[in-house]
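Note sheet for the following structure.
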């Protein structure tokens, strides 16, 4: 295993934008002399001044001593031309996402730096194999993908191109670890780990909205309050920039030869075409202009506590409901569950969604008053839960189901009868995508989970989450979604199938 580069090694960063400056700050903070180069006049000098101000703020907060802050700031130097980088042992490129421009830069670098210098790209979307292909020594080119803001975000994807020498990837992995980051190995495929596995988070949200399941604010609230995500898909897209998010989706879709799993959204394209790009333009899925208020999620109106509540079985949902009702001093009885039901409230029969619509499940089971509830990261602590009723369901049965959940201390958001509801279908698709990345050798299962927790702040790695929900349940949801939509989009990963047939979890 290769060692981390010594702190005596000069690190060069090309590109003094947000990412480049952040990477330079990280390298300087751990002891490297850092040379920052940018073709824009004074950009590097301004970035260094900003980094030094950050070190001073850290000293003022007691995170660094004054001497440490001053020393770290003095390790930063402006480079005026590529020739100034001749003594660098590691060069990290953080410039525009344009392959031809990167080709030219790395070709010029090869003529300047020593044969032992590692060449790394912070690209989030361009193939490392393609970047290295135009060089005389592509074996020393790898991806070193930091996440924004680089000083704060823990994850670094170390990306190996087809020609990258493993010693180079191992050295970068060790270096990122020595810099205080959590590094994960990834193969150079479209989107690497995070930008690939994250696609369903946006895609399923957009599809739910497009099919009239609920409005943006309600769907976002469900993903936060039931799913445990820090931000819902629509507020997250608005923060990222709809144009940026749409471009990444199109890039992954095109790179995978129009695989329907990555199909871009017409809704998102319409917003981009209209110039509704999110916070930066003042309007996206939400309106950020002066005087505009962010809409609140839609919650069901208060319903009386049902007189007859039965909690069925001992599933996670049933057990949590029983505990919550007990804590609220709401009387109920217990019964076995032979068909997957988790509760009965008056005439209503409640099930956790299995990927079928409530209407189909009611038909299949001859249970007219079928009501489905969504997945929650933790049913014991969730504050909101989605619910959908079958078309055959009587209105008073729906009201009783809502009353039961409200009595358990939950806000209830009633969705249109969409297969898989919101959290369940999203988690199933995230797990399926992560499984495919592992199956195709892009990364390990542990790396996939770490990347999604640390790179995009998911509450749990998607494969660990699938283990928690149960692979048979995740597989069933995907099967039912595939039947409901008749689309290859919901095809099941061969790895998920294999683990199911083996009776094993992803992390066994």
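Where a number appears in this text, it was derived from the coordinates with a stated rule and is not lab data. Worth saying up front: this structure is predicted, and the values here are computed from it rather than measured. Neighbour counts are summed over all protein chains in view; Cβ atoms, including those assigned to glycine, are modelled from backbone coordinates with ideal geometry.
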Given R₀ = 60 Å, what would the calculated FRET efficiency be for residue 104 paired with residue 380, taking r from the Cβ atoms and rounding to 0.05? 0.60
Any chance you could give the angle, 0 to 90 degrees and rounded to 10, that helix 216-225 forms with the longest Cα principal axis of the chain? 90 degrees
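Only counting other Cβ atoms within 10 Å, I'd like 239, 58 sorted with the fewest neighbours first.
239, 58
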Once the Cα gyration tensor of the range 171-221 is diagonalised, what are the square roots of 5 times its eigenvalues, in whole Å and ordered largest first, as equivalent ellipsoid semi-axes? 36, 14, 4
Given only helices, namely DSSP H runs of n ≥ 4 each adding -39500 (n - 2.57), what is the per-residue ellipticity at 222 nm of the chain, to the nearest 500 deg cm²/dmol? -13000 deg cm²/dmol
What's the exposure ranking of 449, 56, 364, going from fewest to most Cβ atoms within 10 Å? 364, 56, 449
Please find the FRET efficiency linking residue 125 to residue 74, where r is the Cβ-Cβ separation and R0 is fixed at 35 Å, and quote it to the nearest 0.05. 0.50
Angstrom value of the Kirkwood radius, inverse mean 1/r, which spans all Cα pairs in the range 18-76: 11.3 Å
What does the extension gain come out to for residue 439 and residue 256, with contour length at 0.36 nm per residue minus their alpha carbon separation? 64.3 nm
For peptides 261-274, 429-442, sequence by mean Cβ density within 10 Å, most packed first: 429-442, 261-274
Extension gain, residue 416 back to residue 336 (0.36 nm per residue minus Cα-Cα distance, nm): 25.9 nm
The range 141-171-the range 457-502 distance, computed between alpha-carbon centres (Å): 29 Å
Give the peptides 76-85, 148-157 in descending order of average Cβ contacts within 10 Å, highest first. 148-157, 76-85
Let me know the shape class of the range 179-269, please: from the alpha-carbon gyration tensor, a ≥ b ≥ c as square roots of the eigenvalues, rounded when a/c is under 1.5, otherwise prolate if a/b is greater than b/c, or oblate. oblate
Using the 10 angstrom Cβ neighbour count as an exposure proxy, how do 140, 289 rank, fewest first? 289, 140
What spacing in nm lies between the two simple spin-label points modelled at residue 501 and residue 328, each 7 Å away from Cα in the Cβ direction? 4.5 nm
Acute angle (nearest 10 degrees) that the helix 199-210 long axis makes with the longest principal axis of the chain, alpha-carbon atoms: 40 degrees
For the chain, find the longest principal axis of its Cα atoms and tell me its angle to the long axis of helix 445-455, 0 to 90°, nearest 10. 80 degrees
If you take all C-alpha pairs in the range 59-118, what percent of them are over 16 Å apart? 59 percent
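Over all distinct Cα pairs, what is the inverse of the mean 1/r for the range 10-188, reported as the Kirkwood hydrodynamic radius in Å?
Evaluated over the range 10-188, this radius sits at 16.1 Å.
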Decide, for the range 222-362, between rounded, prolate and oblate: order the square roots of the alpha carbon gyration tensor eigenvalues as a ≥ b ≥ c, take rounded if a/c falls under 1.5, and otherwise choose prolate if a/b is larger than b/c, else oblate. prolate
Under a point spin-label approximation (7 Å from Cα along Cα-to-Cβ), what is the residue 280-residue 45 distance to one decimal in nm? 2.7 nm
Please work out the Cα center distance from the range 78-110 to the range 1-46, rounded to the nearest Å. 12 Å
Whole-number D in µm²/s for the chain (Stokes-Einstein; Kirkwood sum over Cα pairs; 4 °C, 1.567 mPa s): 52 µm²/s
Using 0.36 nm per residue of separation minus the Cα-Cα distance, give me the extension gain between residue 396 and residue 96 in nm, one decimal. 102.2 nm
